[in-house]
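Written below as structure tokens is the structure these notes are about.
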Amino acid sequence: MQTYRGSCHCGTVVFEIEAEIDHVSVCDCSICCKKGILHFPVQDEHFTLTEGRESLSLYQFGTNIAKHFFCKTCGIYTHHIRRSDQNAIGVNIGCLDN
């Protein structure tokens with residue numbers, strides 16, 4: 001697996017994932033459609049938030065099971081805890097540096 005570094009736009013929230021990115025997902029839920037993001041699921045042990053935990057804001061809606069995180073400073077959505085698998089993180093591919 002390869003290590004990828006990602007961040008929000010202002011660089012306050014920084015994370016790393018270990019993955020082999022061979023596909024991306026387009027979710028059809030209402031928030032993902034409005035955000036227009038592509039995401040990639042990783043198991044939580046392959047996701048590390050390295051900076052900015054205190055700068056994350058949480059948004060939940062509907063069943064309040066999924067947890068969508070974004071930077072309080074720049075507003076960029078970085079990742080979410082998936083509704084369908086609470087042990088997986090959906091990473092915003094647009095936030096990856098490489």
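Work out, step by step, the length gained on full extension between F61 and M1: first 0.36 nm times the residue separation, then minus their alpha carbon distance; give nm to one decimal. The partial results should precede the final answer.
Values: separation 60, 0.36 × 60 = 21.60 nm, distance 3.32 nm.
Contour length minus Cα-Cα distance gives 18.3 nm.
Once phi is turned into θ = phi - 60°, what whole-Hz ³J(HN,Hα) does the Karplus curve with 6.51, -1.76 and 1.60 give for every residue of region 40-55, x standing for Gly and Pro?
Karplus values, whole Hz, x for Gly and Pro: 10, x, 10, 5, 4, 6, 9, 10, 10, 7, 8, 8, x, 3, 5, 9.
Mind giving me the FRET efficiency for T48 and D22? R0 is 30 Å, r the Cβ-Cβ distance, nearest 0.05 is fine. Walk me through the numbers on the way to the answer.
Working: r = 21 Å, r/R0 = 0.69.
That pair, T48 with D22, gives E of 0.90.
Using a 1.4 Å probe on the protein chains only, how many percent of the accessible area of region 3-98 belongs to carbon and sulfur?
Values: 2600 of 5380 Å².
Carbon and sulfur atoms account for 48 percent of the accessible area of region 3-98.
State the dimensionless ratio Rg/Rh of the chain (Rg: radius of gyration of Cα atoms; Rh: Kirkwood radius).
Values: Rg = 12.3 Å, Rh = 13.4 Å.
Value, to two decimals: 0.92.
Let me know the charge dipole size of the chain about its Cα centre in debye, to the nearest 20, where only the beta-carbon of Lys, Arg (+1) and Asp, Glu (-1) is charged. Please list the in-between numbers first.
Details: 8 positive and 11 negative charges, 107 e Å.
That gives a dipole near 520 debye.
The values are calculated or read from the model by the stated rules, or taken from the named source; none is laboratory data. Since the model is a prediction, treat every value here as computed from it, not as a measurement. Note that each Cβ is placed from the backbone with ideal geometry, even for glycine, and that neighbours are counted across all protein chains shown. Heavy atoms of the whole protein, side chains included, go into the accessibility calculation; ligands, DNA and RNA do not. Shrake-Rupley method; radii C 1.70, N 1.55, O 1.52, S 1.80 Å.
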